[in-house]
1. Hey, among the residues in the range 171-194 that are touching a Pro at 6+ places or on another chain (Cβ under 9 Å) and either near the ligand (Cβ under 8 Å from one of its atoms) or modelled with pLDDT of 95 or more (or both), which one's nearest to residue 121 (Cα to Cα)?
2. Within the set of pairs 6+ apart or on separate chains, which have a first residue in the range 194-223 that is free of Cβ contacts under 8 Å to residues at least 24 places away in the same chain, a second that is more than 14 Å from the ligand (Cβ to nearest atom) and of a type in the set (D, E, K, R), and C-beta atoms under 8 Å apart?
3. Identify, by number, the condition in (1) modelled with pLDDT under 95; (2) out of contact with any strand residue (DSSP E or B) (no Cβ under 7 Å at 6 or more places or on another chain); (3) on the phi < 0 side of the Ramachandran plot that residue 56 doesn't meet.
4. Determine whether the range 81-96 contains at least one residue that is crowded, with 17+ Cβ neighbours inside 10 Å, of a type in the set (Gly, Ala, Ser), under 23 Å from residue 119 (Cβ atoms) and outside the structural domain of residue 143 (by TED's automatic domain parsing).
5. Consider the range 211-228. How many of its residues are of a type outside the set (Val, Ile, Thr), modelled with pLDDT of 95 or more and crowded, with 16+ Cβ neighbours inside 10 Å?
6. When you check residue 196 against the structure, is it buried (at least 16 other Cβ atoms within 10 Å of the Cβ), among the polar types (S, T, N, Q) and more than 25 Å from the chain's Cα centre (by Cα), yes or no?
7. Could you tell me which of the residues 250, 231 is surrounded by 19 or more Cβ atoms within 10 Å (Cβ to Cβ) and at pLDDT 90 or above?
8. For residue 227, all conditions in the list (1) in contact with a strand residue (DSSP E or B) (Cβ under 9 Å, 6 or more places away or on another chain); (2) within 16 Å of the ligand (Cβ to nearest atom); (3) not in a loop (DSSP other than H, G, I, E, B) hold save one; what is the number of the exception?
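The values are calculated or read from the model by the stated rules, or taken from the named source; none is laboratory data. For clarity, every value in this text was computed on a predicted model and none was experimentally measured. Note that we place each Cβ from the backbone using ideal geometry, even for glycine, and neighbour counts take in every protein chain shown.
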Amino acid sequence: MRHPRVLDREQEAVVLAVRRSLVVLSVRLIESDSLVLHSFDYGETSRIVRIATRDAGVLSVIARGARRPKSPFGAAIDLFTSGVAHVRAHPSRDLHTLAGFDTTRSRSELAGSLARFTAASAIAELCLRFGREDDSGRVHDSATAVLDAIGAAEPHDVPALALAGAWRVVADLGFAPALDQCASCHADLPEHVPLTFDHRAGGALCANCARNGGRGRQLPAEARATLRQWLADAESALDDPAARRAHQRLLREFLEEHLGDGRPLRAFLTWEAQGASRTEVTA
Ligand SMILES: [Zn+2]
């Protein structure tokens, strides 16, 4: 008859071996079109990168050795770069391993203009704060489209394109604002009249609901028409600086309400401040 302690050790060893093999088996290899949303140094030689992937949603990955002189990643994992990411996804962890990254598009044009860079950074922040693993690739596809539009635009067209793109990302994430029916009672909303936009309720309110406890900002009829255009994937320019600032603020407040964690959207605030400065058209 064996000693109970020996048995315990044997059992332990078996359990450990099984666990190890399960971990090895369940590491998922993902090869997916990806977009770099954020990247920062980690330890002596590595970088931690957050990427929106088409096949696995928004992931945090570590690129080991990315800052060594002969890094296998080169400059591939710069901000806003698109490429095919090779990821070893660990089921029990939030941080996965980036095994390789084949760049398809670097988007250096976004860094060449303050207007483009601040707008692109706001889009990236939106994706980072709302993106989740396994989002069916929605964030990747909509963010990539917006960044390409921003990169190809003249600086004075950038704010409207970025606002339009941001609202489409919001819609793709499943919380488009109510503009045609009251966000509270779902009654049809009248055309051509200013309404109350209630962030908490999730959109515009009918006059009744606005009177009975609705809180929010005045939404002029033309601002509602512009939002509708943007959400329908149509272009709608914003030439009036005051209207542009009002739209930026409306979007930021809407996002903050939905995040509900009290953390400011720093890139959005920078974008707003930059738009309010005089460098906006020439930058
Ligand atoms: Zn109502």
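1. Of everything passing the filter in the range 171-194, 183 is nearest to residue 121 (Cα to Cα).
2. Cβ pairs passing all conditions: 196/217.
3. Residue 56 satisfies every listed condition except (2).
4. Step one: list which residues in the range 81-96 are crowded, with 17+ Cβ neighbours inside 10 Å, which gives 81-83, 85-87, 89, 96.
Subset that is of a type in the set (Gly, Ala, Ser): 82-83, 85, 89.
Keeping just the survivors that are under 23 Å from residue 119 (Cβ atoms) gives 82-83.
Narrowing further to those that are outside the structural domain of residue 143 (by TED's automatic domain parsing): 82-83.
Yes, the range 81-96 contains a residue that is crowded, with 17+ Cβ neighbours inside 10 Å, of a type in the set (Gly, Ala, Ser), under 23 Å from residue 119 (Cβ atoms) and outside the structural domain of residue 143 (by TED's automatic domain parsing).
5. Within the range 211-228, residues that are of a type outside the set (Val, Ile, Thr), modelled with pLDDT of 95 or more and crowded, with 16+ Cβ neighbours inside 10 Å number 4.
6. Values: buried (at least 16 other Cβ atoms within 10 Å of the Cβ): yes; among the polar types (S, T, N, Q): yes; more than 25 Å from the chain's Cα centre (by Cα): yes.
Yes, satisfied.
7. Working: 231 fails: surrounded by 19 or more Cβ atoms within 10 Å (Cβ to Cβ).
Within the list 250, 231, the selection yields 250.
8. Unmet condition: (2).
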